[in-house]
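What follows is a short report on a single structure.
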Amino acid sequence: LWHAPESVVNKRMGFSGDFTVFDDPRPLIVLAPHFIGLDAGGLAMTQVKGISMAFVFVPLRNRFVEDWVMRGRNRSGRVRSVPRNDGALPLLQVLKEGMRLHYSPDMDFGPQESLFVPFMGVNAATVPSLSRFARLGRAQVLTLVTRMTPHGYEMNLQEAWDNFPTANLFDDTLRMNAELAE
């Protein structure tokens, strides 16, 4: 995906869902589960669909590998990579500027930064950042699930969530986990 000609990449990407939501200029967070195909979904959104997006990344120890990964992820020229250590401010700025946030909540910041919320029937330490980002960025949230298929990847864009965020951080985090489990 990172090195194939654009025609090959376009042929390997399938889409379902209503992508006209990206025509709306309001802030938008795309919840992208950190499953197989995550990078395919990001590439499909930025290169095939032409949507500018930002994402959070953890800097790698090997600079050569990190440079290679960043070149692959940003081959479209429509990506802003935000190091995790930079905190929330750059992500809120991204939303304010009208760029979409491709958010994958898989980071474990320990018990002080997490809520223990059921995920597939098991209480799991879960970072409640999605609700906070949505509230502070006044952003709507929708889910993008990328699945590997025999022909490439299928991106399924689900509808924007109603009534999110709420005033209850636990309930919002529970909802995020339920959306991820589906």
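Structure notes:
- Any hit, the range 110-123, residues being touching a residue at least 12 places away in the same chain (Cβ under 8 Å), open to solvent by 40 Å² or more (accessible area, probe 1.4 Å), part of a loop (DSSP other than H, G, I, E, B) and closer than 28 Å to Ala40 by Cβ: yes
- Applying the criterion of being farther than 17 Å from Leu142 by Cα and among the basic types (Lys, Arg) to the residues of the range 14-69, the residue that is least open to solvent (accessible area, probe 1.4 Å) is Arg63.
- Residues that are open to solvent by less than 40 Å² (accessible area, probe 1.4 Å), touching a Phe, Trp or Tyr at 6+ places or on another chain (Cβ under 8 Å) and farther than 12 Å from Ser16 by Cβ within the range 144-182 comprise Asp172, Asn177, Glu179, Leu180, listed in sequence order.
- Some residue of the range 133-144 being free of Cβ contacts under 8 Å to residues at least 24 places away in the same chain and closer than 14 Å to Ile29 by Cβ: no
- Verdict on Phe22 being assigned to a strand (DSSP E or B) and either under 24 Å from Ser129 (Cα atoms) or of a type outside the set (S, T, N, Q) (or both): no
The values are calculated or read from the model by the stated rules, or taken from the named source; none is laboratory data. Keep in mind that what you see is a predicted model, and the values were worked out from it rather than measured. All Cβ positions, glycine included, derive from the backbone under ideal geometry; neighbour counts span all protein chains shown. What goes into the accessible areas is simple: the full protein's heavy atoms, side chains included, and nothing from ligands, DNA or RNA. Shrake-Rupley method; radii C 1.70, N 1.55, O 1.52, S 1.80 Å.
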